[in-house]
Amino acid sequence: MATLIEKLTAKRNGNSNEVMLPSSNLVALNEREAGTEIGNINEIGYKIAGRNNGDPVALNNSFNLIKSGKIVDESNNETKKKEVIDSINNKIESYREEINGHRNEIDKIDQIVLPGIEKEIENHKKEIELIRVSARENKYERNKFNLVLTWIGFIAGFVYLYLFYVSAIHSALFRNVANEIANANQNNIGALLNNVFNISAFKEFNIHWLAPVVFFVFAVILHFSLEIKAKQVKWPSVLAVVLFVLVADGMLAYAIENNNHTVSKLMGLSDGTWVFYKSFVFYLVLFFGFFTSMGWSLILHTLASEFETANPERKASEEIRGIEKTLRQFYFEKGVAGTSRIEHSNAINSIEDKIKTLDASKANVHYSIVDLEKNIDDFFSGWLSYLNGLKSDKLRKPECESVYRQFKSENFNRQTIA
């Protein structure tokens, strides 16, 4: 009975050369289709062609099963294939460790860095609010003794400098030396030679009464220069003002000493030789003028600063500006931490995609394209062995050859198999 069924099955498939497998063998093959089918790939090709009557669609499906590793030739080097899979697994494990590193960094940012920055920002905001409340409720207590001394020095210095520059500028620019010598006598000869503090300057009404204003203006400019916050601007400005006052006082001292030398020469008290920088009077004018002017400028600056600090809100504003500068740094650090978190998160997503790709590639491991192509060729050779025995449906062979050529063109000519 079994022999009759086998003959009828062979006749139905039109292949008189093939002896169909017993039903028990067919069941065994069907069970292997659920997993990996291993054997002589030429014979497997012949058998699967018989099961599907040489159908081109089944041929294409079989090629894909070979490509995915579901149909394997028994001569394949399984040890080498296992090495490749182990290498992929090691790479995946390395990626997972890298992911753990990124996740640890994210946890550190979320649990330590960002909370720490937020706490600092909150503390500095509270500090600013406390300073503002304190400025509104409290009054600044000044040191009255220092303030009185500062006012005395300021007023006394102002009077002294005004009188000094009135006298010095008159002696340097407005003194009538010829007239004084013409009216000279034993009683006023000492006054002629004393031209640093000259009483005659206060007996004449001229523009020299207004000239000291220039020096007071530059004292105020020096105060504003000391108020500049930017050091690269502040100190060059201060130096420029100091040099101007020094040059101006030096010119006054030179002019006064020159007039003094002229008087001495005309009165026969000098032999005509004169070097101005060797004169005691030259340095005396510089001392009474330049150094006193600088000292008074510093007193002016101190007095102005005293008025500024007397305003609690102004003092609070200065403190708040310093705290806000620190706050801006914390906000910057917060932004950097947020950006770093995003970068770590993106890195995790990228690595996870790589892991998925590697996991998928394990199902398509082939140690070389040449070996895979040989398996395809051997399988199709077995398939053709079945087709060559067909007496009917002559179009199956050209259709299967077309599937074979197309599969090889897509997968080997363009080398898309890893």
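The values are calculated or read from the model by the stated rules, or taken from the named source; none is laboratory data. Predicted model, so just to flag it, every value in this text is computed and none were measured. Here Cβ is always computed from backbone atoms with ideal geometry, including for glycine, and neighbour counts include all displayed protein chains.
Counting only residues that are buried (at least 16 other Cβ atoms within 10 Å of the Cβ) and not in a helix (DSSP H, G or I), the stretch 202-233 holds 2 of them.
Residues that are surrounded by 14 or more Cβ atoms within 10 Å (Cβ to Cβ) and farther than 23 Å from ILE376 by Cα occur at least once in the stretch 78-88. Hey, can you tell me all the residues within the stretch 377-406 that are charged (D, E, K, R) and either in contact with a His (Cβ under 6 Å, 6 or more places away or on another chain) or in a helix (DSSP H, G or I) (or both)? Within the stretch 377-406, ASP377, ASP378, ARG396, LYS397, GLU399, GLU401, ARG405 qualify.
May I ask you to verify whether ILE48 is assigned to a helix (DSSP H, G or I), in contact with a Phe, Trp or Tyr (Cβ under 8 Å, 6 or more places away or on another chain) and modelled with pLDDT of 50 or more? Yes, satisfied.
The single condition among (1) at pLDDT below 85; (2) surrounded by 14 or more Cβ atoms within 10 Å (Cβ to Cβ) that ASP271 does not meet is (2).
Scan the stretch 317-337 residue by residue and report those that are within 12 Å of HIS124 (Cβ to Cβ) and not basic (Lys, Arg). Correct list: GLU319, ILE320, GLY322, ILE323, GLU324, THR326, LEU327, GLN329, PHE330, TYR331. Considering only residues in the stretch 34-65 that are aliphatic (A, V, I, L, M) and closer than 15 Å to LYS397 by Cβ, the one that is surrounded by the fewest Cβ atoms within 10 Å (Cβ to Cβ) turns out to be VAL57. Against the list (1) modelled with pLDDT of 90 or more; (2) in the same structural domain as ARG51 (by TED's automatic domain parsing); (3) not hydrophobic (A, V, I, L, M, F, W, C), the condition LYS394 fails is (1). Among residues of the stretch 68-83 that are outside any loop (DSSP other than H, G, I, E, B), those with a beta-carbon under 7 Å from a residue that is of a type in the set (Ser, Thr, Tyr) and at pLDDT below 65 at least six positions away or on a different chain give the pairs LYS80/TYR367; LYS81/TYR367. With the condition kept exactly as written, say whether any residue in the stretch 120-135 is surrounded by 11 or more Cβ atoms within 10 Å (Cβ to Cβ), charged (D, E, K, R), at pLDDT below 85 and assigned by TED's automatic domain parsing to the domain that holds GLU399. Taking every residue of the stretch 120-135 in turn, none turns out to be surrounded by 11 or more Cβ atoms within 10 Å (Cβ to Cβ), charged (D, E, K, R), at pLDDT below 85 and assigned by TED's automatic domain parsing to the domain that holds GLU399.
Of all residues in the stretch 75-100, those being touching a helix residue (DSSP H, G or I) at 6+ places or on another chain (Cβ under 9 Å) and modelled with pLDDT of 85 or more number 7.
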